[in-house]
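Student: Have a look at this one before I ask anything.
Please treat every number below as a calculation from the coordinates, not as lab data. Everything quoted here is computed from the prediction, not taken from an experiment. Here the Cβ is made from the backbone with ideal geometry for all residues, glycine too, and neighbour counts use every protein chain on show.
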Amino acid sequence: MSSNVPAAFTDLLSRCTHSAVHLEMRDSYAVDYETGPFADWRAGYRPNHDDRASWWRPWLDLVQETVNRGVAMRRARIVSEPASEYTRFLYDSSFTNVAAGEKIRWLPRRQASDVALPGNDFWLFDDRTIHWNHFAGDGTSLGGEVWDNAPNAARLCADAFEAVWERAVPHAEYKIQ
């Protein structure tokens, strides 16, 4: 398995049997502005859609393996418009996740005002296990937390995700602003 995906998260995904959904609600996540993929993007680099070897990475192997097992992987992003620089970076690189089999949709924040949302980004596995993603105000990850026996919270996450998903625009149709 991938060495850059935490083992606990990899285990959750490998045990998943029918669905893995991810709701992202932040306009920026802490990244290294000086080095790495975001810095490269800021300098003008864009992955070549036709050169899969140049952008395929261990995370995408895991996505593809999961989808090939019959698990529906979906990601919804609630984003402010005009989009932050980081959201633009995510948008430009999301085709890689789509190529691996993940479905992605985008919802402008103004269209989410009446959706009951949990306080944190999350992954929900098989409508029952929640992996909360905790962040500091500057976007730095504070680590994850797994809730496996919290049916009310799982229902909140499932309902929130489905409400966002229904309104959101598929990646291929969304135009970043």
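Student: Tell me the net charge near residue 17. Cut-off is 14 Å between Cβ atoms, residue 17 excluded, with +1 for each Lys or Arg and -1 for each Asp or Glu.
Tutor: The answer is -1.
Student: Packing-wise, with mean Cβ within 10 Å as the measure, how do 120-126, 93-99 rank, highest first?
Tutor: Packing order, densest peptide first, comes out as 120-126, 93-99.
Student: Exposed loop GluC sites (Glu not before Pro) only (DSSP loop, at most 11 other Cβ atoms within 10 Å): please give the longest stretch of the chain free of them, not including the sites.
Tutor: Value returned for the longest uninterrupted segment is 35-172.
Student: Still on this structure, I have one more. Count neighbours as other Cβ atoms within 10 Å of each site's Cβ, and list the chymotrypsin sites (Phe, Trp or Tyr not before Pro) in the stretch 14-75 that are DSSP loop with at most 15 such neighbours.
Tutor: 33, 45, 56
Student: Consider all pairwise Cα distances in the stretch 38-132 and report the whole-number % of them above 15 Å.
Tutor: Cα-Cα pairs in the stretch 38-132 separated by more than 15 Å: 69 percent.
Student: For residue 79, enumerate residues with amide H under 5 Å from its amide H, sequence gap 5+ or separate chain, H modeled in the peptide plane.
Tutor: Amide H neighbours of residue 79, under 5 Å, 5+ apart: 107, 109.
Student: When only C-alpha pairs under 8 Å and at least 6 residues apart count, what is the relative contact order of the chain, in percent?
Tutor: 28
Student: Shifting gears a bit: With each label point set 7 Å from Cα along the Cα-Cβ vector, what nm distance links residue 148 and residue 8?
Tutor: Once both label points are built, they end up 1.1 nm from each other.
Student: Let me ask you something else. If packing is taken as the average count of other Cβ atoms within 10 Å, what order do 148-156, 106-114 fall into, highest mean first?
Tutor: 106-114, 148-156
Student: Let me ask something additional. At most 14 other Cβ atoms within 10 Å and a DSSP loop assignment: could you name the trypsin sites (Lys or Arg not before Pro) in the stretch 39-90 that fit?
Tutor: Filter output for the stretch 39-90: 69.
Student: Something else about it: Quick one: check the C-alpha center-to-center distance for the stretch 77-94 versus the stretch 145-162, whole angstrom.
Tutor: Taking the Cα centre of the stretch 145-162 as reference, the centre of the stretch 77-94 is 25 Å away.
Student: Here is a further query. For residue 103, what residues show an amide H to amide H distance below 5 Å, using hydrogens built from the backbone and excluding near sequence neighbours?
Tutor: Correct list: 73, 74, 75.
Student: Something else now. Please compute the net charge surrounding residue 36, taking Lys and Arg as +1 and Asp and Glu as -1 over other residues with Cβ under 13 Å from its Cβ.
Tutor: Local charge sum for residue 36: -1.
Student: Hey, if you drop one equal point scatterer on each alpha-carbon of the stretch 7-170 and run the Debye formula without solvent, what base-10 log of I(q)/I(0) do you get at q = 0.20 Å⁻¹?
Tutor: -1.58
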